[in-house]
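The values are calculated or read from the model by the stated rules, or taken from the named source; none is laboratory data. Every value quoted in this text rests on a predicted model; they were computed, and no experiment measured them. A quick note on method: Cβ atoms are made from the backbone with ideal geometry, for glycine too, and the neighbour counts reach across all protein chains shown. Each accessible area value is taken on the protein alone, full model and side chains, heavy atoms only, with ligands, DNA and RNA left out. Shrake-Rupley method; radii C 1.70, N 1.55, O 1.52, S 1.80 Å.
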Amino acid sequence: MHPSFFLIYRLLTLLFLFSVTSCRERYDAMVLTPETGYLVVEGFINNGTEPTEIRLSRTVQLDGPSSPLPETGATVFVESNTANRFPLQETAPGIYRSAHLALNTNEQYRIHIYAKEKEYVSAYSGIQTTPGIDSISWVQNAAGVQLHVHANAPDNQSRYYQWKFDETWETNPPFVSNLVYGYDAQQRITGVEYRYPNRMNEPSFVRCWTEKQSSGILIGSTEKLEKDVVYLPIHFIEANSVKISVQYSILLKQYKLSKAAYTFLLQMKKNTEQLGSIFDAQPSEMPGNMSCLTHPGEAVIGFVEVTQEKTSRLFIHNNELRNWNYKTGCEVTIIQNNPDSITKYGLQVMPATVFMDDPNTGAITHFTAAPSFCIDCRQNGGSNIKPVFWP
């Protein structure tokens, strides 16, 4: 499911208000919304090898916070139609996870939630068997790199799919550093000195990895095709992006959907992508499979069913591309190694390497410096801990 569930409610309300008001008159709307907001349920019951993760949040009032409110302290479990239960534990605010579930293919399952003294359930779902991903391919053009997914269900029984992905890319800053500022007892800068006695560069600055999860609704169908063969674009990386400045990886996740789940996601995708103008197609009701047992008339946003997660990983190295001219925007400054020059030119930058030293004494007379993000890769939001899957 998609983190913009809460936007649907806010945008639907805004469009309704716009349609019933004029630009000359003020209208104070009486929007009938539960004080606690509507429950938003995201995720699926995973019959694969990975844990099941369900995210719970609440819609917000038009004049409330701009982000969804995590639903904490709920009781969540997977329940079979034969009354077997598998509890989920809250591992972070609004995130409920279980270990690997060994589900019986002869049974049906649903999610069962107790939150804010109300009881919510999804419709029972049989287990969807997801075909594997055959491969991920890519092609470079003048605009960037386009990635495609290839999959094939020989039994022609899948037809409806959803994909998500995790991106990881390595970054190396353009400059290294083996210098630091030195200070006297009063914490006044005295000049630069070597970081280490052996004059080595700081190793923790030079390699970082950034991770990002997909956020859009990525779905596809082979319903109109003779064979259940998938070949669809899944992601585009703009030319000269930092993502392939060194090496890039994508972990693609594939899920088989029921037609009802696909229809729900398709309507959500249309609603989220077409709400830019009153001249666009107007949003319609999204028929999820969640309901509130305590208050049957209360809306619940979400569609939860049982499926499997199949994955495939692809790497792209910079040396596989043609003319990938990523520009860092970094420039080096040369500074005299004395307190006055450093105070004037060096306080907003990080010392890098020796530019000139005294041939007689070996003392550093000038050094190079640059903005910290041009030297320390962690300053760009990455981590210098190498992922376990990285080559």
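Here are a few things to note about the model shown:
- Tabulated pairs, region 212-224, first touching a residue at least 12 places away in the same chain (Cβ under 8 Å) and aliphatic (A, V, I, L, M), second buried (at least 19 other Cβ atoms within 10 Å of the Cβ) and in a loop (DSSP other than H, G, I, E, B), C-beta under 8 angstrom, 6+ apart or interchain: ILE219/LEU257
- Some residue of region 158-167 being open to solvent by less than 50 Å² (accessible area, probe 1.4 Å) and under 21 Å from CYS374 (Cβ atoms): no
- Per-region count, region 186-228, residues farther than 28 Å from ASN152 by Cβ and in a loop (DSSP other than H, G, I, E, B): 13
- Leading residue by the ranking (farthest from ALA239 (Cα to Cα)) among those in region 145-185 that are of a type in the set (Gly, Ala, Ser) and part of a strand (DSSP E or B): GLY182
- Among the numbered conditions (1) open to solvent by 40 Å² or more (accessible area, probe 1.4 Å); (2) over 30 Å from MET200 (Cβ atoms), the only one that ASN172 does not meet is (2).
- Each residue in region 126-159 was checked for being among the hydroxyl-bearing types (Ser, Thr, Tyr), under 21 Å from THR49 (Cα atoms) and modelled with pLDDT of 95 or more, and 1 of them qualify.
- If you check ILE334, ILE385 for being part of a strand (DSSP E or B) and either crowded, with 18+ Cβ neighbours inside 10 Å or not aromatic (Phe, Trp, Tyr) (or both), only one passes: ILE334.
- In region 265-314, the qualifying residues are those that are in contact with a helix residue (DSSP H, G or I) (Cβ under 6 Å, 6 or more places away or on another chain) and modelled with pLDDT of 90 or more, and the one that is nearest to PRO51 (Cα to Cα) is GLU305.
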